[in-house]
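To keep things clear, I will list the structure first and then write my remarks on it.
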Amino acid sequence: MIKNCLKKVNKKILIITILLLILNIGVICIKGNTIEYTENEKELISLYDDKKLLVLTFDDGPSKYTPSLLEYLKEKNIHATFFVLGEQAKKYPEIISEEYNNGNLICIHSYTHKFFTKIPKEQVVEQISLTKDIIFNITNYPPSYIRIPYGITNENVNSILKEEKLENVLWNVDSLDWKYKDKNNTVEHIKKNIHGNDIILMHDILKSSVDSAKEIIDYYTSLGYKFVTVDEFYHIKNITKSNK
């Protein structure tokens, strides 16, 4: 009888030991899969949670007004995203180089700002490849983002982007700088439409737009917001989603 009791006790001890081992292995696995974030990532994740990230994007440049913007961005230690036209990049290669060297993100807009949905596939591919090659030849960096002109796309265009391994970047705040062509009206319109974690559409081909961007930078920086590039924003957004 005592032997039987001991056997039962030993079996229980064995089962408990096995269960504890399984639990320990599980804990070790969980710890092994823990992602360590950099201090910068931690800060940006916190700001994203508080809806205090902003992305400044500029289309259609570069232009004669872009250097003034770049100087201000550098002074404020802020990086923006530029969706450049190939014909403009070809005209101002030194500005593209400065944009890149200052830590800004250079992306494709198109070569001559044509409606992609209204031209044949080969012309769409040409608009993309010409601009991509110009950017790469200046920066030695292959762009992975594009903003389709007018934001208008279709299945045909989307399939081309997939073939070209490009991600289309839209916006949720249109500054309407192209419409107002006035700093005060542009700034007020942006302020009315900012909700946090926004991608703002602007154009560095207008002096009033560049002046507006400077005021927006000062205003939202003073409120504790931080400006990041498109790739940084998507990175933090994805981290936040995966943690939920």
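Can we say I35 is surrounded by fewer than 20 Cβ atoms within 10 Å (Cβ to Cβ), at pLDDT below 95 and hydrophobic (A, V, I, L, M, F, W, C)? Yes: the conditions hold for I35. Across segment 199-244, the number of residues qualifying as more than 20 Å from D60 (Cα to Cα) and part of a strand (DSSP E or B) comes to 2.
Among the residues in segment 201-221, are any touching a residue at least 12 places away in the same chain (Cβ under 8 Å) and on the phi > 0 side of the Ramachandran plot? No: zero hits.
Okay, residues lined up against (1) of a type outside the set (G, A, S); (2) farther than 24 Å from L170 by Cα; (3) in contact with a helix residue (DSSP H, G or I) (Cβ under 9 Å, 6 or more places away or on another chain); (4) not in a helix (DSSP H, G or I):
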| position | (1), (2), (3), (4) |
| --- | --- |
| L69 | yes, no, yes, no |
| H79 | yes, no, yes, yes |
| A89 | no, no, yes, no |
| Y100 | yes, no, yes, no |
| I106 | yes, no, yes, yes |
| H109 | yes, no, yes, yes |
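With respect to the conditions (1) open to solvent by less than 40 Å² (accessible area, probe 1.4 Å); (2) assigned to a loop (DSSP other than H, G, I, E, B); (3) more than 26 Å from G103 (Cα to Cα), T153 falls short on a single one, namely (1).
Can you report the number of residues in segment 38-48 which are farther than 24 Å from L201 by Cβ and either open to solvent by less than 60 Å² (accessible area, probe 1.4 Å) or in a helix (DSSP H, G or I) (or both)? Number satisfying all stated conditions: 7. If you check D198, D182 for being at negative phi and open to solvent by 40 Å² or more (accessible area, probe 1.4 Å), only one passes: D182. Give segment 156-188 a look and list any residue that's of a type in the set (V, I, T) and either at pLDDT below 95 or outside any helix (DSSP H, G or I) (or both), or say none. V169, V173, listed by residue number. The set of residues in segment 113-149 being among the hydroxyl-bearing types (S, T, Y) and surrounded by 13 or more Cβ atoms within 10 Å (Cβ to Cβ) consists of T117, S129, T131, T139, S144, Y145. For segment 122-136, the criterion of a residue being touching a residue at least 40 places away in the same chain (Cβ under 8 Å) and not in a helix (DSSP H, G or I) is satisfied by no position.
The values are calculated or read from the model by the stated rules, or taken from the named source; none is laboratory data. Keep in mind that this is a model prediction, so the values were computed, not measured. So basically every Cβ, Gly included, is an ideal-geometry build from the backbone, and we count neighbours across all protein chains shown. These accessible areas exclude ligands, DNA and RNA; they are computed on the full protein's heavy atoms, side chains included. Shrake-Rupley method; radii C 1.70, N 1.55, O 1.52, S 1.80 Å.
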